[in-house]
1. Can you pull out every residue in segment 155-178 that is open to solvent by 20 Å² or more (accessible area, probe 1.4 Å), touching a Ser or Thr at 6+ places or on another chain (Cβ under 9 Å) and not charged (D, E, K, R)?
2. Being within 19 Å of THR97 (Cα to Cα) and of a type in the set (D, E, K, R) is the filter here; which residues of segment 36-83 pass it?
3. Select, from SER58, SER83, the only residue that is more than 14 Å from the chain's Cα centre (by Cα), polar (S, T, N, Q) and at pLDDT 95 or above.
4. Mind checking which residues of segment 139-154 are of a type outside the set (S, T, N, Q) and open to solvent by 50 Å² or more (accessible area, probe 1.4 Å)?
5. Among the residues of segment 114-138, write down those that are surrounded by fewer than 22 Cβ atoms within 10 Å (Cβ to Cβ), free of Cβ contacts under 8 Å to residues at least 60 places away in the same chain and not hydroxyl-bearing (Ser, Thr, Tyr).
6. Residue by residue through segment 65-99, note down the ones that are surrounded by fewer than 19 Cβ atoms within 10 Å (Cβ to Cβ) and part of a helix (DSSP H, G or I).
Amino acid sequence: MSKFWKKLSDISNIHKRAAFSDLPERLSSKESMFQALAKERYSCRKFKDTPLTEQQISHILEAARLAPTAANKQPVHVWVVKSPEALEKLKGATDYTYGAPVVFMVGAKPEAAWVRKYDGKNGAEIDAAIVGTHVMLEASALGLGNVWVGSFDPAKIKADFPQTEGYEVVCLFPVGYADTETSANHDKRQEMEAFASEI
């Protein structure tokens, strides 16, 4: 191979790696791309003050918008809390924003959701949880730290954020550049035999 063609091949491989298009080749045959992402993702509880770009926020919102919901009712709304004033206000409702530059707040509207006919189970909260999972995983795919926060005062959020009127805020997601490593508990999981079984 000539030097020219070798150089061209090297450049092509660099571009492939930068775009993660060669990820399947680099993964173990036993591990999917999704499993690799799920393994790497962890609950980040300390963030750098580096702001997110509008493109990063847009990518996360688009992933959330594409999340499946029961009967495609989409009874969910996402608020991006990022101004210093709004973030400070949110601290009045939770101690767990961890210094993140952005917090995604996910709410559900029960009256707009699918309801299971057998027992009246309302799917709004489940739909919001699916949307929230997409927020976490897209943030992780972008190389950003994130954490699911369920500890907050819903009455305080309703009072301080009138934009949430008509919705039940289900979860908060502080997102930003991680300033801490995984905890010692990160890799602890049940054995498959205890976790799953066939019927």
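1. Selection gives TYR177 alone.
2. ARG41, ARG45, LYS46, LYS48, ASP49, LYS82
3. SER83
4. ALA141, LEU142, GLY143, TRP148, GLY150, ASP153, PRO154
5. TRP114, VAL115, ARG116, LYS117, ASP119, GLY120, LYS121, ASN122, GLY123, GLU125, ILE126, ALA129 - these are the residues of segment 114-138 that are surrounded by fewer than 22 Cβ atoms within 10 Å (Cβ to Cβ), free of Cβ contacts under 8 Å to residues at least 60 places away in the same chain and not hydroxyl-bearing (Ser, Thr, Tyr).
6. ARG65, ALA70, ALA71, ASN72, PRO84, GLU85, ALA86, LEU87, GLU88, LYS89
The values are calculated or read from the model by the stated rules, or taken from the named source; none is laboratory data. Source: prediction; values computed, not measured. Glycine also receives a Cβ, built like all others from the backbone with ideal geometry; neighbour counts cover every protein chain displayed. Please note that ligands, DNA and RNA were not included when accessible areas were found on the heavy atoms of the full protein model with its side chains. Shrake-Rupley method; radii C 1.70, N 1.55, O 1.52, S 1.80 Å.
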